[in-house]
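To start, the structure itself, in structure tokens.
The values are calculated or read from the model by the stated rules, or taken from the named source; none is laboratory data. Predicted model, so just to flag it, every value in this text is computed and none were measured. Every residue, glycine as well, gets a Cβ built from its backbone with ideal geometry; the counts of neighbours run over all protein chains shown.
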Amino acid sequence: MSAAFDRQRAFDQQRTFDQQRMFDQLWESLLPVGRDEQTGGYRRLAWTAADIACREWFVAAAEARDLTVETDGNANLWAWWGEPGPGSVAVGSHLDSVPDGGAFDGPLGVVSAFAALDVLRDRGVRPRRPLAVVAFADEEGGRFGVACVGSRLMTGALDPDRARELADADGITLAAAMADAGHDPGRLGRDDDRLGRLAAYVELHVEQGRGLADLDRPVGVGTGIWPHGRYRCTFEGRADHAGTTRLEDRADPMLTYAETVLAARKRARLAGARATFGRVHVEPNATNAIPSRVVGWLDLRAADEPGLEQLLADVRRGAQERAARDGTTVEVAVESQSPAVVFDAQLRDRMAGLLDAPTLATQAGHDAGVLATDVPTGMLFVRNRTGVSHSPLEHADPADCHAGVLALATVLEAELAVVPGNGGAG
């Protein structure tokens, strides 16, 4: 009996090693795409060469697993195990990045989805419902300014006419960028047929915070997403000479902008919320000239929607009061707003029970949060020991990534065992 036990243990260890190696090889094959050698960060902005290369990587990974690949009207990529139809389960994330972002935000979920499928096949699982690995288009909004474009279009949360007119810093529209890449922007819009197929969507993501690190757990289950918004703040003043114009004679929008940045942070800190000016455009952007215009993009997040509304009102009022003193003007325009999301309670509880994992909320937006209006959704988070994200320093240990794959495979095995039309997946 001891010899048989030893053989079984050796077999199990070899199987675990092989499963981990499948993830490692897949991860390494994607890692160089879009990486900047100087910063170490990733520049996989939507519809750039790096993003297109990521999409090609997805197709190759799917075809290597004999999955059927399709691109929907909103340019989201789907790789099917089984015939697409009602009761399907989808799993995935996104492949694009913020400028100089980290390697894990988004791609970890897609790579883990393929790796989890490999684990299921290695276990001999025969799913009773179709499974799709999905990569949503332009989740980060790093090029055109609106996040979760592919999933928002799919659910109707983003108007297709508005999406087509979105433009990057060079004035290239989303429609033109898509067309140059061979996709028809005329097909954008809500996809009721595809949404109707899905019984559940599960997204694995690197945690963008220290919750799991503080709990000393490799994997957690998401409960929901804080509401958040992105706002374009335009400060107008008068261009003038930096040397000859007395301070008291200036109408300097940079001063109003700077005071607003500081005030927004203070108000967010007092409210236990988040306020970030992470992008700025200055005109005429000359060292020896007082600006005529400063445009800053503000990201606000709070624990609930009334708190977010109050924070925005406080920032707007403070900026207007400061502008009146500075002889400038300010306009705050909404670019996108995402309501609070509570993930499907039944799916959440099933995942937490299967994995014996802690539950936690996130302040970051995800495609899962967008789909939650139409599909039962759930999220798994993989520990990020530093908590750093949207940075080259973003990191998850290989052992934690492997744990995430096994957790995802366990969840999918349970969901795929449900008979379609007999209780559903959520």
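Answer yes if at least one residue in region 204-215 is farther than 21 Å from residue 95 by Cα and crowded, with 20+ Cβ neighbours inside 10 Å, and no otherwise. So that I can check it myself, show each step before the final result.
Residues of region 204-215 that are farther than 21 Å from residue 95 by Cα, as a first pass: 210-215.
When the remaining residues are screened for being crowded, with 20+ Cβ neighbours inside 10 Å, the result is 212.
Yes, region 204-215 contains at least one residue that is farther than 21 Å from residue 95 by Cα and crowded, with 20+ Cβ neighbours inside 10 Å.
Quick check, is residue 301 buried (at least 16 other Cβ atoms within 10 Å of the Cβ), closer than 15 Å to residue 263 by Cα and in the same structural domain as residue 274 (by TED's automatic domain parsing)? I'd like the intermediate steps shown before the answer.
Working: buried (at least 16 other Cβ atoms within 10 Å of the Cβ): yes; closer than 15 Å to residue 263 by Cα: no; in the same structural domain as residue 274 (by TED's automatic domain parsing): yes.
For residue 301, the condition - buried (at least 16 other Cβ atoms within 10 Å of the Cβ), closer than 15 Å to residue 263 by Cα and in the same structural domain as residue 274 (by TED's automatic domain parsing) - is not met.
List every residue pair whose Cβ atoms lie under 6 Å apart, where the two residues are 6 or more positions apart in sequence or sit on different chains, the first residue falls within region 276-292 and is farther than 13 Å from residue 245 by Cβ, and the second residue, located anywhere, is of a type in the set (A, V, I, L, M) and modelled with pLDDT of 95 or more.
Close Cβ pairs satisfying both conditions: 277/261; 277/298; 281/295; 282/294.
Report yes if some residue within region 87-106 is over 14 Å from residue 366 (Cα atoms) and of a type in the set (Asp, Glu); otherwise report no.
The first filter runs over region 87-106 and keeps only residues over 14 Å from residue 366 (Cα atoms), leaving 87-90, 99-103.
Those left that are additionally of a type in the set (Asp, Glu): 100.
Looking for residues that are over 14 Å from residue 366 (Cα atoms) and of a type in the set (Asp, Glu), one finds at least one in region 87-106, hence yes.
Could you list, in sequence order, the residues of region 312-341 that are among the acidic types (Asp, Glu) and more than 34 Å from the chain's Cα centre (by Cα)? So that I can check it myself, show each step before the final result.
First, the residues of region 312-341 that are among the acidic types (Asp, Glu): 314, 321, 326, 331, 335.
Within region 312-341, 321, 326 qualify.
Let's see how each residue does on (1) modelled with pLDDT of 95 or more; (2) in contact with a Ser or Thr (Cβ under 9 Å, 6 or more places away or on another chain); (3) surrounded by 12 or more Cβ atoms within 10 Å (Cβ to Cβ):
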residue: 8; (1), (2), (3): no, no, no
residue: 22; (1), (2), (3): no, no, yes
residue: 32; (1), (2), (3): yes, no, no
residue: 37; (1), (2), (3): no, no, no
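Could you tell me which residue of region 374-404 is surrounded by the fewest Cβ atoms within 10 Å (Cβ to Cβ), considering only residues that are among the hydroxyl-bearing types (Ser, Thr, Tyr) and modelled with pLDDT under 95? Don't jump to the end; show me each part of the working.
Within region 374-404, the subset among the hydroxyl-bearing types (Ser, Thr, Tyr) is 377, 386, 389, 391.
Cutting the leftovers down to modelled with pLDDT under 95 gives us 386, 389, 391.
Values: 386: 12, 389: 20, 391: 16.
Residue satisfying both the conditions and the ranking: 386.
Sort out for me the strands (runs of 3 or more DSSP E) sitting completely within region 265-369 that have 2 or more residues that are modelled with pLDDT under 95.
Working: elements: 274-283, 293-301, 329-338, 359-362.
Passing ranges, in order: 274-283, 329-338, 359-362.
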